[in-house]
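Visitor: Questions regarding the structure given below will be posed in turn.
Values quoted throughout were computed directly from the atomic coordinates according to the rules given, and no laboratory measurement underlies them. Keep in mind it's a predicted model, so treat the numbers as computed, not measured. Glycine gets a Cβ as well: all are built from the backbone with ideal geometry, and neighbour counts include every protein chain shown.
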Amino acid sequence: MATWYNRGMQSSTSADIRTIRLGFLGFGTVGEGTYRMLVGNADEVFAKTSAKFEVVRVGVRDLTKVRGVAAEFITDDLRSVVLDPSIDVILELMGGEEPAGEMVQLALEQGKHVVTANKELIAKHGSRLIGEAKSRGLDLHFEAAVGGGIPVVQPLKHQLAGNDVIKMMGILNGTTNFILSKMEAEGADFGEVLAEAQRLGYAEADPSADVDGFDTMYKISILAAICFGKQIPLEDVHREGIRSVSAADMKYAKQFGFKIKLLGICEEIGEGEVMVRVHPTFVPLGHQLANVNGVYNAVWLHGDFVGDLMFSGRGAGADPTASAVVGDLIDVARNLVAGGSGSAIPYGVGMRVTSIKELESRYYVRFEVEDQPGTLGDIATSFSRYQVGLAQMEMVTKVGGKGEIAFMTHVCQEGNFRSALEAVASLGCVSRLEGWFRVEE
């Protein structure tokens, strides 16, 4: 077994020290980062827990890869790790829905506590797994599943639990925030910045999980479930990615006083009703989220008593995510030393999720138009028929008798706005709808 005893342990008798035996499922970037932190910061961990850790088994799917732990601990038989009776805590760091879901369920059935960084698993099956853990008096922690090194899950579960969180907005994906920040800074289009992000290792060869909003959807769904106490069905979460954002949209956003960010948003709409959505968003330059750039993540929320709060930091990578995993492991260790288990959040079903067509918001929209008299009046008249008022406008003349018009609307209902878009797009003076985005203020 890989065991570490450090300076702080020498002042305690063996009777004072609780040994906690760990089984890893997955030992990639996050797994190795977690192992390094447990070894390198053993003194700090012991001082906070009065416990030492032993790594008993490491389960991986590919035995040919070189790992940062002795080969004698490694196996590709994941079930053997979970079924090992000497293991107290399973660290599930594989990612993906399966086989992770099967292994976590089995671990709980075997009476083992679980720490996971698996956002997809918790977003899809959190209610069931948390219920299983609670019924068995076990801990199931998932701080690392949401914001990497940003501590947001624990504050929502504890320090902010007495607040009614009315609205939460988050930049929850470092890849998309890097791309949008570079597009804004360099006036570049999505495709060329994505290629650069892939060269730098910020984006995967298949970037769809990031740029199409799936990663953000999983994370905001987890946060919404904690805030509102109910699991949010993923099919009820409106999701858009950033492929539609262009350099022209970035230019107009700046002219109107905004930045474009991919946000995950959850908010109370009424008694027992919420709206959860993911999409590129116009964020005012004065808002805290507008100043979160590069690969950094942030979560902003408004609570009825605490007011506005923001958490920010590195949202991905080995070290930030390992920090969150070890933080959860420390919570489990404290509970084991004290002879108890952690408080389980109420995480059931039954929340009504409102359609995004009922959203009340301002909107940005851009059209290519014919450069001819009466165009602006025809567009404004069509919008007004659907109770959509135009607040600001920028117009650019192009070559070949074409023009480009960008508008900011007043607050209106999204269903009306979409109907207005169809009407305007059918006008003879409008060549095409170039794009539109929601505004958060």
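Visitor: Find the eigenvalues of the gyration tensor of the Cα atoms of the chain, then list the square roots of 5 times those eigenvalues as equivalent ellipsoid semi-axes, largest first, in whole angstrom.
Guide: Over the Cα atoms of the chain, the semi-axes work out to 47, 22, 18 Å.
Visitor: May I pose another question? What does the charge count around Glu102 come to, taking other residues whose C-beta lies under 11 Å from its C-beta (Lys +1, Arg +1, Asp -1, Glu -1)?
Guide: Taking every other residue near Glu102 into account, the sum is -3.
Visitor: Let me ask something else about it. Tell me, rounded to the nearest percent, the portion of alpha carbon pairs in the range 356-439 spaced more than 14 Å apart.
Guide: The proportion of pairs with Cα distances above 14 Å equals 58 percent.
Visitor: Provide the net charge surrounding Phe437, with neighbours chosen by a C-beta distance below 15 Å and charges set as Lys +1, Arg +1, Asp -1, Glu -1.
Guide: Taking every other residue near Phe437 into account, the sum is +3.
Visitor: Also, I was wondering about something else. Can you tell me the length gained on complete extension of the stretch Ser355 to Leu390, counting 0.36 nm per residue apart and subtracting the Cα distance?
Guide: Net length gain for the segment: 10.2 nm.
Visitor: Once you list every other residue whose beta carbon is under 10 Å from the beta carbon of Ile90, what net charge do they have if Lys and Arg are +1 and Asp and Glu are -1?
Guide: Local net charge: -1.
Visitor: Rounded to the nearest 500, what is the 222 nm mean residue ellipticity of the chain from helices alone, with -39500 (n - 2.57) per DSSP H run of 4+ residues and division by all residues?
Guide: -10500 deg cm²/dmol
Visitor: Still on this structure: How much FRET efficiency would the formula 1/(1 + (r/R0)^6) give for Glu192 and Ala338, where r is the Cβ-Cβ distance and R0 is 60 Å, rounded to 0.05?
Guide: 0.65
Visitor: Just to verify a number: FRET efficiency for Arg128 and Lys402, C-beta to C-beta distance, R0 = 56 Å, to 0.05?
Guide: After rounding, the FRET efficiency stands at 0.55.
Visitor: Rounded to the nearest 5, what % of the DSSP beta bridges within the chain are antiparallel ones?
Guide: Taking every DSSP beta bridge with both residues in the chain, the antiparallel ones total about 65 percent.
Visitor: While we're looking at this one, here's another question. For a 23 Å ceiling on Cα separation, which of these pairs sit above it: Lys119/Lys157; Lys259/Lys402; Lys167/Lys219; Lys251/Lys402; Lys48/Lys219?
Guide: Lys259/Lys402; Lys48/Lys219
Visitor: Could you put Val39, Val365, Val278, Val430 in order, starting from the residue whose Cβ has the fewest other Cβ atoms within 10 Å?
Guide: With the fewest neighbours first, Val39, Val365, Val278, Val430 line up as Val39, Val430, Val365, Val278.
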